[in-house]
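Accompanying notes for the structure given below.
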2 protein chains.
Amino acid sequence: MTGRIRNRELAAMVMDADAAASLIGSGDNVGMSGFTGAGYPKEVPGALAKRVAMAEARGEPMKVGLWTGASTAPELDGVLAEVEGVEMRLPYQSDPVTRAKINDGRMDYTDIHLSHVAQQVWQGVFGELDVAVVEVSGVTEDGRLIPSSSIGNNKTWLEQADRVILEVNSWQSEHLEGMHDVYYGTALPPNRVPVPITRTEDRIGVPYLECPVEKVIAVVPTEAPDRNSAFAPVDETAERIAAHVLDFFDVEVRGGRLPNELLPLQSGVGNVANAVLAGLRDAPFDGMTAYTEVIQDGMLDLLESGKLRMASATAFSLSSATVDRFNRNAGQFRDRILLRPQEISNHPEVVRRLGCLAMNGIVEADLYGNINSTHLMGSRIQNGIGGSGDFARNAHVSIFVTPSVAKGGAISAIVPMVSHVDHTEHDVDVIVTEQGLADLRGLSPRRRAELVIERCAHPDFRPMLRDYVGRAMESAFGKHTPHLLGEALSWHQRFVDTGTMRR
Amino acid sequence: MTGRIRNRELAAMVMDADAAASLIGSGDNVGMSGFTGAGYPKEVPGALAKRVAMAEARGEPMKVGLWTGASTAPELDGVLAEVEGVEMRLPYQSDPVTRAKINDGRMDYTDIHLSHVAQQVWQGVFGELDVAVVEVSGVTEDGRLIPSSSIGNNKTWLEQADRVILEVNSWQSEHLEGMHDVYYGTALPPNRVPVPITRTEDRIGVPYLECPVEKVIAVVPTEAPDRNSAFAPVDETAERIAAHVLDFFDVEVRGGRLPNELLPLQSGVGNVANAVLAGLRDAPFDGMTAYTEVIQDGMLDLLESGKLRMASATAFSLSSATVDRFNRNAGQFRDRILLRPQEISNHPEVVRRLGCLAMNGIVEADLYGNINSTHLMGSRIQNGIGGSGDFARNAHVSIFVTPSVAKGGAISAIVPMVSHVDHTEHDVDVIVTEQGLADLRGLSPRRRAELVIERCAHPDFRPMLRDYVGRAMESAFGKHTPHLLGEALSWHQRFVDTGTMRR
């Protein structure tokens, strides 16, 4: 264990998680590491949850503000939500207990773009950051921190927090050292300069996180693994969606609108994303790169195959099976993977400059090309917008993918009007379901509706959608974006009332 | 007149507008200059409209694709819409005839971000550009073009069009020469590099537009003035909105969140914008700059007062009274005004880097901070999103302003759910009405609703809004963003049915 903590001063601050958690006070804002289940602290959150429960039992309720990179794991979000220890959560979560508390109105949640978190914390939008709890994979002799399997907002937490608790995780591969690129050149305006990335592989920072040793109040060792939950396996629906996306890339390359090696890929996680990445192994595109948030199984396979030359992200999100393989062979990826802070991995300036091909999953799309990524039936938050807005808004081509139906066919992913908008008609280029692909670029809303119905909607729902548009064209208040206001959200209402959108 | 056309070859191509318009064919895509009623061609569009009408009379309908910088004037949009000569219009318009045709379903309109137009044309999203019709204020001896009172997409039109028609307008001030900054460093990915602007005043291009003389097929002289319609005068409502915005700036400066000279201002046009700018003349902020789309009356006043050090934009939009003053004295502004192509004036990279303070008008806002900038009652397009998305999405602080009611109190600008979303909850920082200001940064949707109702809604509508939220908190499908799906758009439906949102 001490092999991972090579700095004498920090080694002297080793304590157990309960002792460390006792240094966090009620009302503190706590910035924790963690992004898509990677690199989150494993020990202190559980100890903090115990403190919260004991305080509650004493009749002295204790809550903290909980800020992370993105989603974490049951050992962090789950345990703290269970004891209702979180006053305000941001910026992205995917934990079932947290989600339930938010949707019961028992926890506040602020759903902001992942690229905006750091700058808004620097602006002071959320108040002072009191404590940082950051997992690292080691500490060098001179006290620099070797980041873990995600970087997320750690640079900002370490700089902004008054007090720092480090978890040093010896489960993480030692080969992670050197794989990170932490950029210390950001600033608030008027002091900003260009982010000097012009190609995916550009290194612009240093491989270590910096933290003045005098801010560190505890060092907690751990050997616990990342969450690494298995993704849903690739099924036929995912494969069909992937095939449409690959066809699209092919057409764009042949039409001279994309280069042969494509442009840097950004891909959400999940089985559709993995299916697209699997398809790219056999596609005629060589020398590809990924400028993305997360390196999931399919991305690692693509790197191993040699088709993907380079991947830049802020975190891993690997299945249990793949993570063991990665940890054994991490050294071989060191020159081909860069993990950066999330304000750089998702930076609108860089995403726009590189011209990312953005592929993100959604909850639902509407006839006119608006996208809901976050809410079920308009009110219930699912996970959050994550980085999808950072990429979609600035991508060269912004692609959204979804199966055409959910809940065994009870829910249509194509609806008359989305019940919540996360990506507006102005930011959506292409919608893909297993039924087909609708390229909405350059089309007026009415033309988009024709394509979305005929290409993307499930055949069972097409007649209802055609009927809606037909009647809207007759009697809507305007025919630019024809809607029947009394019916626009009726599919969602019917689902809430009857359990299905079908009539 | 020939004094403005100092190049021999181009002088030899002078012809009248009818002759020039005869060189435009049915089905052509035509890129015309023009941005907020400035710098649009005055002669050729009318001649083209005559051709369209005559073709229609012969039973040979003629239509063109019409692309501009932004809004133009009756002599361009109006005449062409009147004869239904436009197949597809983009990217922004504010013409009543055009608007009526679009909302009658007789014209297609694609409403895209102003910063996206150039790159999407380069990508080929809208097909080939056949003809450019561009107003310039003069031609140098060696054939360089002196831009007019707007730049907009002219660089792209001149580069991408097969054939070019120039209108040389001697009404425009000769002092415009040297005021423009045309950047020729843009590219499609993977060849993009940073846009080298780090301060509002940075000159990165040249003062002239380039166009190979062999592409020019006609040169049409004109002396017609820009539209220069008068803005609605500043009224008490606008002054109260402005006062809230100025208070906000003051609080932010005192809190150390904004520097004393503020950050570069972006301001939409109209009487509220002019009221804010008027208020800034007496505010304690010196050495301000504006990085914006449009220089309107208030901006010019602020420049003259000395409080505004520098303004960068892509167009003027002055009232008739002010434009005469400007044309007489344009020389004195030459070092303090830069007009750039709209892909630079609105570039997300630059807007983010400079940290613009974005102030834009809206149609309506909802309880949870979503903004509708474009549609009346969900279906009827008003003007378009313009640059509001370019700025709001990337601004340091994104402020939206509106009177709390419209149509004599029949319409509330604060509604349960907006009927169309142009700016999502993730991109909206501050909402201001004459009632007050709601700073939504860092708040969960439910907290935002409290503020929006109590600070921004008109008192007449507050009880209805409180009632809606109260019942939604009881029975919504989720309590993160509590909505009653059957009622969410009922205010708009009631307006359509009864002419008022009031019960």
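Take the conditions (1) in contact with a Phe, Trp or Tyr (Cβ under 8 Å, 6 or more places away or on another chain); (2) open to solvent by 10 Å² or more (accessible area, probe 1.4 Å); residue B:145 misses just one of them, which is (2). Remark: pairs (first residue in the stretch A:287-312, at pLDDT 95 or above; second residue of a type in the set (Asp, Glu); Cβ separation under 6 Å; 6+ apart in sequence or on different chains) = A:287/A:261; A:288/A:261; A:310/A:201.
With the structure loaded, tell me whether residue B:277 is touching a Gly at 6+ places or on another chain (Cβ under 7 Å) and at pLDDT 95 or above or whether it fails that test. No; evaluated as a whole, the condition is false for this residue.
Given the condition outside the structural domain of residue A:386 (by the TED database), aromatic (Phe, Trp, Tyr) and in a loop (DSSP other than H, G, I, E, B), answer yes or no: does some residue in the stretch A:27-40 qualify? Within the stretch A:27-40 (the criterion being outside the structural domain of residue A:386 (by the TED database), aromatic (Phe, Trp, Tyr) and in a loop (DSSP other than H, G, I, E, B)), the answer is yes, since at least one residue qualifies. From the list B:94, B:115, the one residue that fits, being small (Gly, Ala, Ser) and at the interface with chain A (Cβ under 10 Å from one of its Cβ atoms), is B:115. Within the stretch B:419-455, being touching a helix residue (DSSP H, G or I) at 6+ places or on another chain (Cβ under 6 Å), of a type in the set (A, V, I, L, M, F, W, C) and open to solvent by 20 Å² or more (accessible area, probe 1.4 Å) holds for one residue alone: B:437.
Selection within the stretch A:60-91: residues that are assigned to a loop (DSSP other than H, G, I, E, B) and within 18 Å of the chain's Cα centre (by Cα). The member of this set that is farthest from the other protein chains (Cβ to nearest Cβ) is A:73. Scanning the stretch A:396-409 for residues that are more than 10 Å from chain B (Cβ to nearest Cβ) and either of a type outside the set (A, V, I, L, M) or not in a strand (DSSP E or B) (or both) yields a total of 8. In the stretch A:161-175 there is at least one residue matching the filter, namely being touching a helix residue (DSSP H, G or I) at 6+ places or on another chain (Cβ under 8 Å), β-branched (Val, Ile, Thr), assigned to a strand (DSSP E or B) and closer than 25 Å to residue A:91 by Cβ.
Of all residues in the stretch B:63-74, those satisfying the criterion of being open to solvent by less than 10 Å² (accessible area, probe 1.4 Å) and either of a type outside the set (Gly, Ala, Ser) or in the same structural domain as residue B:318 (by the TED database) (or both) are B:64, B:66, B:67, B:68, B:72.
Taking residues in the stretch B:394-415 that are farther than 30 Å from residue A:352 by Cβ, and partners anywhere that are polar (S, T, N, Q) and part of a strand (DSSP E or B), the pairs with Cβ atoms closer than 8 Å and at least 6 places apart or on different chains are B:403/B:433; B:404/B:412; B:404/B:433; B:405/B:412; B:413/B:433; B:414/B:433.
Every condition in (1) open to solvent by 20 Å² or more (accessible area, probe 1.4 Å); (2) within 12 Å of chain A (Cβ to nearest Cβ); (3) of a type outside the set (Asp, Glu); (4) closer than 23 Å to residue B:493 by Cα is met by residue B:458 except one, and the failing one is (2).
Are any of the residues in the stretch B:130-140 surrounded by fewer than 24 Cβ atoms within 10 Å (Cβ to Cβ), out of contact with any helix residue (DSSP H, G or I) (no Cβ under 9 Å at 6 or more places or on another chain) and assigned to a loop (DSSP other than H, G, I, E, B)? Looking through the stretch B:130-140, at least one residue is surrounded by fewer than 24 Cβ atoms within 10 Å (Cβ to Cβ), out of contact with any helix residue (DSSP H, G or I) (no Cβ under 9 Å at 6 or more places or on another chain) and assigned to a loop (DSSP other than H, G, I, E, B). Just one of the listed residues (A:4, A:51) is open to solvent by less than 40 Å² (accessible area, probe 1.4 Å) and either under 22 Å from residue A:221 (Cβ atoms) or in contact with a strand residue (DSSP E or B) (Cβ under 7 Å, 6 or more places away or on another chain) (or both), namely A:4. If only residues of the stretch A:183-214 that are exposed (fewer than 14 other Cβ atoms within 10 Å of the Cβ), closer than 17 Å to residue A:140 by Cα and in contact (Cβ under 8 Å) with a residue 12 or more places away in the chain are counted, the one that is nearest to the other protein chains (Cβ to nearest Cβ) is A:206. Being within 14 Å of another protein chain (Cβ to nearest Cβ) and open to solvent by less than 10 Å² (accessible area, probe 1.4 Å) is the requirement here; does residue B:102 meet it? So residue B:102 fits the description; yes.
For the stretch A:224-271, residues that are in contact (Cβ under 8 Å) with a residue 40 or more places away in the chain, open to solvent by 70 Å² or more (accessible area, probe 1.4 Å) and farther than 27 Å from residue A:318 by Cβ total 1.
A single entry from B:177, B:128, B:167 fulfils the requirement of being modelled with pLDDT of 95 or more, under 28 Å from residue B:62 (Cβ atoms) and more than 14 Å from chain A (Cβ to nearest Cβ): B:167.
Does residue B:170 meet the test of being polar (S, T, N, Q) and open to solvent by less than 10 Å² (accessible area, probe 1.4 Å)? No: the conditions fail for residue B:170. Note on the stretch B:377-388: among residues that are under 19 Å from the mean Cα position of the chain (by Cα) and within 9 Å of another protein chain (Cβ to nearest Cβ), the one that is most open to solvent (accessible area, probe 1.4 Å) is B:380. Of the candidates A:352, A:334, the single residue that is open to solvent by 10 Å² or more (accessible area, probe 1.4 Å) and within 14 Å of another protein chain (Cβ to nearest Cβ) is A:352. Scanning the stretch B:355-376 for residues that are surrounded by fewer than 24 Cβ atoms within 10 Å (Cβ to Cβ) and part of a loop (DSSP other than H, G, I, E, B) gives B:362, B:363. Only a single criterion out of (1) facing another protein chain (nearest Cβ under 8 Å); (2) in a helix (DSSP H, G or I); (3) out of contact with any Leu (no Cβ under 6 Å at 6 or more places or on another chain); (4) within 22 Å of residue B:425 (Cβ to Cβ) is not satisfied by residue A:391, namely (1).
Residue check: residue B:490 meets all listed conditions (1) more than 12 Å from chain A (Cβ to nearest Cβ); (2) more than 30 Å from residue A:96 (Cα to Cα) but one, namely (1).
The values are calculated or read from the model by the stated rules, or taken from the named source; none is laboratory data. From a predicted model like this one, the values you see are computed outputs, not experimental measurements. Ideal geometry is used to build each Cβ from the backbone, glycine not excepted, and the neighbour counts take in all protein chains shown. Only protein heavy atoms, including side chains, enter the accessible area calculation; ligands, DNA and RNA are left aside. Shrake-Rupley method; radii C 1.70, N 1.55, O 1.52, S 1.80 Å.
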